[in-house]
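J.: Attaching a single structure in structure tokens format; questions to follow.
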Amino acid sequence: MAKKDNIQVVALACSDCGRHNYHTRRNKANSRSKLALRRHCRWCDKHTVHKES
Ligand SMILES: [Zn+2]
């Protein structure tokens, strides 16, 4: 079983409109840099870069 201490829930915010559209879990031990993922934003109605906030 993985250590819970290393799992962190983060919000992903659209870089265009700034709304928080997604939540994801990340492993602090494996990824130290900030996340930036391309996801569909329902508010912009297109794929935008979503950044960890
Ligand atoms: Zn957006």
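J.: For a distance above 13 Å, tell me the whole-number percent of Cα pairs in the chain that qualify.
T.: Counting pairs separated by more than 13 Å, the tail of P(r) holds 55 percent.
J.: For each of H50, H20, count neighbouring Cβ atoms within 10 Å of the residue's Cβ, then give the residues from fewest to most.
T.: Values: H50 24, H20 12.
Starting with the residue having the fewest Cβ neighbours, the order is H20, H50.
J.: Sticking with this one: Please give the length that would be gained between W43 and A29 if that part of the chain were fully extended, namely 0.36 nm times their separation in residues minus their C-alpha to C-alpha distance (nm, one decimal).
T.: Stretched fully, the W43-A29 segment lengthens by 1.8 nm.
J.: Okay, next question. Give me the percent relative contact order of the chain, please, defined on Cα pairs under 8 angstrom at least 6 residues apart.
T.: Worked out over the chain, it gives 38 percent.
Here, each number is a calculation from the coordinates, and none is a lab measurement. Predicted model only: the values in this text are computed from it and were never measured. Heads up, the Cβs are rebuilt from the backbone with ideal geometry, glycines too, and the neighbour counts pull from every protein chain shown.
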